[in-house]
Structure formats: C-alpha cells, structure tokens
Amino acid sequence: MKKILVTGAAGFIGSAVCARLLAAGAEVVGLDNINDYYDPALKYGRLRELGVAQDDIDWYRFVRSSVFERFSFIRMNLEDTQAMRMLFANGGFDAVINLGAQAGVRYSIENPQAYIESNVDGFINVLEGCRHHRVKHLVYASSSSVYGLNGKVPFSEHDGVAHPVSLYAATKKSNELMAHAYSKLYGLPTTGLRFFTVYGPWGRPDMSPFLFIDAILHDRPIKVFNNGDMLRDFTYIDDIVEGVVRIVDVIPEGDSEWDEQHPDPAASPAPYRIFNIGNQQPTRLMDYISCIERAIGREAKKEFLPMQPGDVYQTYADSSALAGATGFRPCTPLQEGIDHTVAWFRDYYGIR
C-alpha cells in the first residue's frame, strides 16, 4: 500500500485527488496552508468531506480523518523550510503529488511576491524533501498557461514554451525547469502535468464557472472578456483526477533515444516527463456561457470587456501523450460537466 503526500489538499483539485486515492486504498497525508486567497470556508468544506473538521485543524498538527482511517491532514506552508524537512524526515512517503501553489493569473499581477514564496520557494522544499528521502515519484501541477504566446494549436508538450505572459505562468515553467534539474542531478523521477481550465463541483470561486453561475443565479451581469472572442479547453475535475492518479504509477525512466541535436522539450535522458491534461475540445466563450444558461434555465446579463492583462486568446490541449502513457484521455462533454457543477452549486448554497 502506497503512502502519498498530497500538497494543496484543501484545494479544488487536491481534495478530489485525495478522495480518489483513498478510494483506491492508498494512505494519504494532506497538506495545505488554507490561505485566504479565496473564501477559506470552501476549503474547510472540502476537508469536511474528507472527514477533517475545521475545529480540529491547527498549525503543524496532524489531524486524523473521522471518515477515512488512512487519511491525515496537516496545516503548513510549503515555504516553511524547517517544517518541510521534518515532514519528509518522518513521513516515509512513496510518492508526492504537489498541487499546492498560489493560483490565479490576474492575481499574480497584483501580488507577485506570493507566487515566488509559494510556487518557487515552496517547490524547492518539495524537491529537496523528495531528493533526500528517496521518494519514488514526484508528480506536480504545471499549467496550460506556460504556453503563453505560442500560437500553434493544439498545444503539444513537444512545443517550446519560452514566452509566458504572466508571472503565474513563469513560476509554473520554473517548476518544470527545477524538476528537470533534480531529475538529472539526483535521479529523482518527476512528472509535470499541464492542466487545462479545470472546472466542476467544489471549484474555485475566482474562476469563471463559479463566477458565472453565481452571477446568473443572483441576477447580476457576468463579465465577458475580449468581447467573448476567446476559446478555452474546459476539463472536468473527474478527468483531471483520473489522469493524476494514473500517472503516479507511470514512473519516468529517461529517454534512451534522446537526441542532443534535436532535444524534445517534453522528454529527457533524465527520469523526467511532461504531460498535458485537457479535454481536446476548445470551446468558444459564448458557447460555454450558453451551456451554463441551459443548465440554470436563465439567460445571463452580459457586460462585454476588453482582454485582461495576462490572459491568452485560446487554450487547446493535445492529450495524446497522456493517452499513450496511461490509456486514458479526458472525455467528459462540457454540457454534462456544467450540469453537474450547477447542481452542486445550487445544493451547496441552498439556491433553488
């Protein structure tokens, strides 16, 4: 039975990954600092679903789940070097899934320091812990935002990603570079996963599904950026989780056919890989809004605005490498996923 550390365990993706791993029989330690980037009540609600009560949570204290006997949770900052050293020294982790990060493209323009502390300083502590304590596989969240100004679609892991357009994207690209260095220097197997616009029940309130559903249900206008002329590869949370859990068992060994003259950005002679996880179905923003309107049964009031700093025109994943490695590719239709998301939102907030 594997013992797995999941950082960002109170987050949207992290909490869902914890639940899936526990259902598969793994022992899981969840870590999160439960910051106030968005309403912590939602984070505590996710932890409650995992059997961890808010009143039992305190800094640097392990809390055992009342629902899952193989789950425990600790509140901690990734950038706390000494605490992270102690955690790894006593943890005995077989694998680490690093989903803890300061998220949000637009917020990275307002508060850049938070991204360096969590996404860079915190990530080096994760790498050091894995290096010194013989973790068999580090899986970490990257982002489709690393593709930046790349206009070639669909986005492939084999494409270069040298032109990010936000600090958030730059920190995610830095994670990939840092991971490769540790894979090459220390033989640490690392896999980066580039997530594409994740949505679903328990989603983040700073992202468009939550913002649009909330506004429409409360008869407020929604903000439609770039006058609606944008495309996103929306990927349902269950598909993301399935990809993450499957990739944990696909430990990279290094590419024996590595060509130094024509290097592949997605591979390496070191035990290092990069995969996209996206639905491979880019949707126009106005069509996406129509899906939400159908699920709610009400037309949205729309406020059309220009493109925001840090945004990109489109995202479109090529997930064929993920399918080749795991036998799985995301496939949930957008309307189905939106229907589930709206149903959860109504139930969670008691809106009929």
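Quick note: the coordinates plus some simple rules give every number you see, no bench work behind them. Keep in mind that what you see is a predicted model, and the values were worked out from it rather than measured. Ideal geometry is used to build each Cβ from the backbone, glycine not excepted, and the neighbour counts take in all protein chains shown.
Before moving on, here are some points about what is shown:
- Value of [θ]222 nm, deg cm²/dmol, for the chain, DSSP H segments ≥ 4, -39500 (n - 2.57) each, nearest 500: -11000 deg cm²/dmol
- Two-site label geometry, ALA162 and ALA24: point separation in nm, points 7 Å out along Cα→Cβ: 3.7 nm
- Spin-label proximity, ASN111 to segment 176-211 - amide N less than 19 Å from point 7 Å beyond Cα toward beta carbon: 204-208, 211
- Exposure proxy for CYS291, CYS331: other Cβ atoms within 10 Å of each Cβ, ordered fewest to most, give CYS331, CYS291.
- Calculated FRET value between ASP58 and ASP219, using beta carbons and R₀ = 41 Å, to 0.05: 0.50
- Under 15 Å from the ASN35 label point (7 Å along Cα→beta-carbon), backbone N, segment 92-110: 99-110
- Ranked for footprinting exposure by Cβ neighbours inside 10 Å, fewest first, MET286, MET178 give MET286, MET178.
- Stokes-Einstein D in µm²/s, Kirkwood radius over Cα pairs - the chain at 25 °C with 0.890 mPa s viscosity: 119 µm²/s
- The gain in end-to-end length when the MET86 to MET207 segment is fully stretched comes to 40.1 nm, 0.36 nm per residue minus the alpha carbon separation.
- Neighbour counts of C-beta atoms inside 10 Å place LYS43, LYS184, LYS173 in the sequence LYS184, LYS173, LYS43, starting with the fewest.
- FRET E, pair TRP344, VAL67, Förster distance 22 Å, beta-carbon r, rounded to 0.05: 0.70
- Across segment 338-348, rounded Karplus estimates of 3J(HN,Hα) from the backbone phi angles (6.51 cos²θ - 1.76 cosθ + 1.60, θ = phi - 60°) give 5, 4, 5, 5, 5, 4, 4, 4, 4, 5, 5 Hz, Gly and Pro being marked x.
- With N the number of residues in segment 207-319, Rg(Cα) / (2.2 N^0.38 Å) evaluates to 1.44.
- Across the alpha-carbon set of segment 9-146, the Rg to Rh ratio works out to 0.94, Rh being the Kirkwood radius.
- Only one residue of GLY92, VAL165, ILE109 has its Cα farthest out toward the positive end of the dipole of the chain, where Lys and Arg carry +1 and Asp and Glu -1 on Cβ, and that residue is GLY92.
- Base-10 log of normalised Debye intensity for segment 119-172 (one unit scatterer per alpha-carbon) at q = 0.17, 0.20 Å⁻¹: -0.65, -0.78
- Once the Cα-Cα distance is subtracted from the 0.36 nm per residue extended length, the ASP121 to ALA325 segment shows a gain of 70.4 nm.
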